[in-house]
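Okay, so here's the structure we're looking at.
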Amino acid sequence: MNLKHTNIDISMKDDFIFGLRPVIEAIEAGKTIDKIFVQNALQGPIYAELKTILAKNKIRPNYVPIEKLNRFTRKNHQGVVAFISDVPFHRVEDIVPQLFEEGKTPFLLILDRLTDVRNFGAICRTAECVGVDAIILPEKGAAPINSDAIKTSAGALYNIKICKEPNLAHAVDFLQQSGISVFAATEKAQKLIYDVNFTEPCAIVMGNEETGISKEVMHHSDEKIKLPIEGKTQSLNVSVACGAILYEAVRQKMIAAPNL
């Protein structure tokens, strides 16, 4: 296959690429694929080639009806639309050992199926400001890491590691086996954020804007925590709640190690 005289930009719009050959070329050129959508029951030799490349690069496609692809673009997408990101992705099993080897106390944030790009960007901005080492996301069901997210984060997404995991519950298990406590933020908790210890290796889980943390991730977490709510409104915007929890963690860390 000769790629020297092709041009993937002809099928690129904003943060996504469409068409079998342009998507293949983007992956082989080292582009970071945030999400890829493939038409149900798609067949053919070029698609077979794409499947091989996806498997080789451990990229999991989302199989969808053609109507969804048509909502992305009315042009000839050939059954494939891929969203790209300028932000590289990592794996949590690589990040955690590295943090311990560097002598750090891991401070991680897990975002369980957050879908609002602006909430996501704002959270990333706060997380980077307070020194979160990495943000862990599910491969499916998360907000896209696109130009809007980067803009809302004020560029913080370029300065914090993003881990995409196929199964968040398995990622939680890995963190616990590595000696990291996992705190799930939910208004149904009994314990306030001020009553847990954030100075040890820890990860904080924030849930979806509408449904909160998934049952599976909640079940695997070590403790449930909540913010005090005194008014009639019983919930906060997720980015505001996340900021309050992260800064409580920072407060505890500063008291525990005032010279840091």
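The values are calculated or read from the model by the stated rules, or taken from the named source; none is laboratory data. Since the model is a prediction, treat every value here as computed from it, not as a measurement. Glycine gets a Cβ as well: all are built from the backbone with ideal geometry, and neighbour counts include every protein chain shown. Heads up: the accessible areas ignore ligands, DNA and RNA and are worked out on the full protein's heavy atoms, side chains in. Shrake-Rupley method; radii C 1.70, N 1.55, O 1.52, S 1.80 Å.
Rounding to the nearest 10 and keeping the result within 0 to 90°, find how far the Cα-based axis of helix 92-101 lies from the longest principal axis of the chain.
Once rounded, the angle reads 50 degrees.
Quick one: what does P(r) look like for region 1-141 with 10 Å bins over all Cα pairs, in whole %?
Result, from short to long distances: 10, 35, 30, 18, 6, 0 percent.
Once you keep just the Cα pairs under 8 angstrom separated by 6 or more residues, what percentage relative contact order results for region 104-200?
Numbers: 121 pairs, mean separation 27.8, N = 97.
Relative contact order comes out at 29 percent.
Calculate how steeply helix 238-256 sits against the longest principal axis of the alpha-carbon atoms of the chain, using the helix alpha-carbon long axis, and give the answer as 0 to 90 degrees to the nearest 10.
Taking the Cα atoms of the chain, the angle to 238-256 is about 50 degrees.
Around Tyr158, with a cut-off of 14 angstrom between Cβ atoms, what is the net charge of the other residues, counting Lys and Arg +1 and Asp and Glu -1?
On the way: positive: Arg125, Lys151, Lys161; negative: Asp86, Glu128.
After counting each charged neighbour, the total is +1.
Past 32 Å, Cα to Cα: identify those pairs from Lys104/Lys151; Lys51/Lys161; Lys31/Lys253; Lys51/Lys224, in the order given.
Details: Lys104/Lys151 29 Å; Lys51/Lys161 27 Å; Lys31/Lys253 37 Å; Lys51/Lys224 40 Å.
In this structure, Lys31/Lys253; Lys51/Lys224 lie more than 32 Å apart at Cα.
For the chain, which whole percent of the accessible surface, found with a 1.4 angstrom probe, sits on carbon and sulfur atoms? Provide the component values of the computation, followed by the final result.
Values: 6680 of 13680 Å².
Carbon and sulfur: 49 percent of the exposed surface of the chain.
Calculate, for the chain, the solvent-accessible area per residue in square angstrom, rolling a 1.4 angstrom probe over the heavy atoms of the protein chains. Provide the component values of the computation, followed by the final result.
Working: 13680 Å² over 260 residues.
Accessible area per residue: 53 Å².
Counting other Cβ atoms within 10 Å of each Cβ, which chymotrypsin sites (Phe, Trp or Tyr not before Pro) in region 50-85 have at most 12 and sit in a DSSP loop?
Details: sites: Tyr63, Phe72, Phe83; in loops: none.
Taking region 50-85 and a limit of 12 other Cβ atoms within 10 Å, no loop chymotrypsin sites (Phe, Trp or Tyr not before Pro) are found.
State the label only: which of [x] 63; [y] 16; [z] 28 corresponds to percent of Cα pairs over 32 Å apart computed from the shown model?
Checking each listed value against the structure points to [z].
Measure nothing but the geometry: give the 0 to 90° angle between the long axis through the Cα atoms of 168-177 and the longest principal axis through the Cα atoms of the chain, rounded to 10°.
Rounded to the nearest ten degrees, it is 50.
Where in region 34-133 are there GluC sites (Glu not before Pro) that are in a DSSP coil and have at most 16 other Cβ atoms within 10 angstrom of their Cβ? Please report the intermediate quantities before stating the final value.
Numbers: sites: Glu49, Glu67, Glu93, Glu101, Glu102, Glu128; in loops: Glu102.
The qualifying sites are Glu102.
Could you work out which residue, out of Asn62, Asn40, Asn119, moves most in a Gaussian network model of the chain, that is, has the largest mean-square fluctuation with Cα springs under 10 Å?
Asn40
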